[in-house]
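Each remark here refers to the structure printed beneath this line.
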Amino acid sequence: MSKKRVFLTRRLHEFALKELRKKYSIEVHSGKIPIPREKLLKKIANVEGLICFPYDKIDKEVIDAAKNLHAISTYSVGYDHIDINYAKKRGIQIGYTPDVLTDATADLAITLMLDLLRRVTEGDRIIRRGDWKVIYGAYDYVGVDISKKTLGIVGLGRIGRVVAQRAKAFGMNVMYYNRNRLSKSVEQKLGVKYSTLNSLFSKSDVVSLHVPHNSQTNEMVNLSLLKKMKKNSYIVNTARGKIINESDLIFALKKKLIAGAALDVFTNEPIDSKNPLLKLENVVLAPHIGSSTAETRAKMAEITVKNLNRGIAGKNPIYSVK
Ligand code: NAP
């Protein structure tokens with residue numbers, strides 16, 4: 001019996017490829033990332049399995065082009081790049097990688113918040129430009145304390161909860177907004193207070209976003225919400241770029257409606273070289289590295305392969321998009 005075929009839109013760890021080769025005939029896209037659409041449409045035509053990444057748009061057209069597809073396994077917890085409803089209608093199993101990247105992503109959110117409030121990369125830029133001319137004194141180049149500040153978490157799910165735990169260790173007060181309020185006992189255990197979205201934006205010193213991107217959360221952070229924030233407050237986004245209206249954020253930063261932003265995710269990635277965010281001092285930028293630690297990336301690869309194996313066998317992936 002001939003081996004089933006699997007297409008990968010980019011390279012995974014060698015141990016994962018070795019595992020895949022044992023069972024399948026695999027082809028790995030090399031060259032331009034993301035894979036050019038025409039190539040994806042061609043390569044997906046006859047395969048039983050697809051391994052993809054968050055920047056690969058797996059929409060109706062791609063799914064229609066895939067005549068034999070049984071399983072899509074994405075190397076990410078976010079699945080806003082896949083037309084889930086249509087894939088399900090076609091009976092395709094969809095796997096993703098929650099849990100294993102929770103700590104790493106929460107760590108990055110905290111890292112960005114600390115960096116922003118203590119102006120670390122801003123200082124790095126000052127030194128590298130040769131602009132560090134005096135030893136800073138009482139009023140020069142000051143950041144702000146982290147302890148006793150209020151952190152507002154939008155989306156207290158897997159990652160949001162770990163961010164809350166980390167923030168509590170820094171002595172922060174934590175409030176959150178979800179569509180569904182958590183039980184009193186869970187709130188108490190985590191030491192968090194429920195808030196409406198508007199109130200969270202107006203009361204927080206730092207807002208950190210941890211909701212998935214979908215039609216409900218698309219540009220949920222817009223100018224009207226940003227205007228509710230305190231002038232000395234900050235926003236951190238390690239979720240998805242399109243959750244913020246980026247033009248509104250740039251306007252708010254330029255007009256100093258808020259004190260700063262730290263962003264791991266953007267409306268367009270990689271970021272355009274003309275993006276005005278690149279010129280703003282009160283901004284910390286990271287190149288979408290929320291889950292990017294060696295340990296986490298290896299665990300994600302392991303799960304991506306396991307999800308694919310189960311999906312191709314017609315079973316629910318171990319982490320299956322519901
Ligand atoms: P999760 O466990 O599903 O948590 C999502 C939280 O958001 C839940 O508490 C959910 O509560 C809330 N939520 C969902 N829709 C909402 C809405 N419309 N309004 C308000 N709250 C809403 O997800 P997670 O594992 O923490 O991951 C969150 C997101 O982080 C992922 O979807 C992904 O896009 C992003 N991420 C980014 C990176 C990176 O590299 N930067 C890495 C990992 C993850 P309710 O259902 O009660 O509303």
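The set of residues in the stretch 223-267 that are surrounded by 23 or more Cβ atoms within 10 Å (Cβ to Cβ) and aromatic (Phe, Trp, Tyr) contains only Tyr234.
Taking first residues from the stretch 143-159 that are free of Cβ contacts under 8 Å to residues at least 40 places away in the same chain and closer than 12 Å to Met113 by Cβ and partners that are open to solvent by less than 20 Å² (accessible area, probe 1.4 Å) and of a type outside the set (S, T, N, Q), the Cβ contacts under 7 Å between residues at least 6 apart in sequence or on separate chains come to Gly143/Leu117; Ile146/Leu117; Ile146/Met172.
State whether the residues of the stretch 199-222 include one that is surrounded by fewer than 18 Cβ atoms within 10 Å (Cβ to Cβ), modelled with pLDDT of 95 or more, of a type in the set (Ser, Thr, Tyr) and within 15 Å of the ligand (Cβ to nearest atom). Yes, the conditions are met somewhere in the stretch 199-222. When the residues of the stretch 131-156 are filtered to those that are at positive phi and open to solvent by less than 90 Å² (accessible area, probe 1.4 Å), the one that is modelled with the highest pLDDT is Gly155. Conditions: (1) farther than 25 Å from Phe201 by Cβ; (2) open to solvent by less than 30 Å² (accessible area, probe 1.4 Å). Val283 meets all but one. Number of the miss? So Val283 meets the others, but not (1). Across the stretch 91-121, what is the number of residues that are assigned to a helix (DSSP H, G or I), open to solvent by 30 Å² or more (accessible area, probe 1.4 Å) and more than 16 Å from the ligand (Cβ to nearest atom)? So the count comes out to 4. Restricting the search to strands (runs of 3 or more DSSP E) fully inside the stretch 22-90 and requiring at least 3 residues that are under 28 Å from Phe266 (Cα atoms) and in contact with a Lys or Arg (Cβ under 7 Å, 6 or more places away or on another chain) gives an empty result.
On inspection, Ser208 qualifies as within 15 Å of the chain's Cα centre (by Cα) and touching a residue at least 12 places away in the same chain (Cβ under 8 Å).
Identify, please: which residue in the stretch 60-113 is of a type in the set (Gly, Ala, Ser) and more than 18 Å from Phe7 (Cα to Cα) and is, among those, nearest to the chain's Cα centre (by Cα)? Checking each candidate, the answer is Gly78.
Residues of the stretch 1-21 that are at pLDDT below 95 and either not in a loop (DSSP other than H, G, I, E, B) or not hydroxyl-bearing (Ser, Thr, Tyr) (or both): Met1 alone. Scoring Gln188 on the criteria (1) in contact (Cβ under 8 Å) with a residue 12 or more places away in the chain; (2) assigned by TED's automatic domain parsing to the domain that holds Gly157 leaves a single failure, condition (1).
The values are calculated or read from the model by the stated rules, or taken from the named source; none is laboratory data. Note that the coordinates shown come from a computational prediction; the quantities given were computed from them, not determined experimentally. Cβ sites come from the backbone with ideal geometry, for glycine too, and all protein chains shown count toward neighbours. Ligands, DNA and RNA are excluded from the accessible area calculation, which covers all protein heavy atoms including side chains. Shrake-Rupley method; radii C 1.70, N 1.55, O 1.52, S 1.80 Å.
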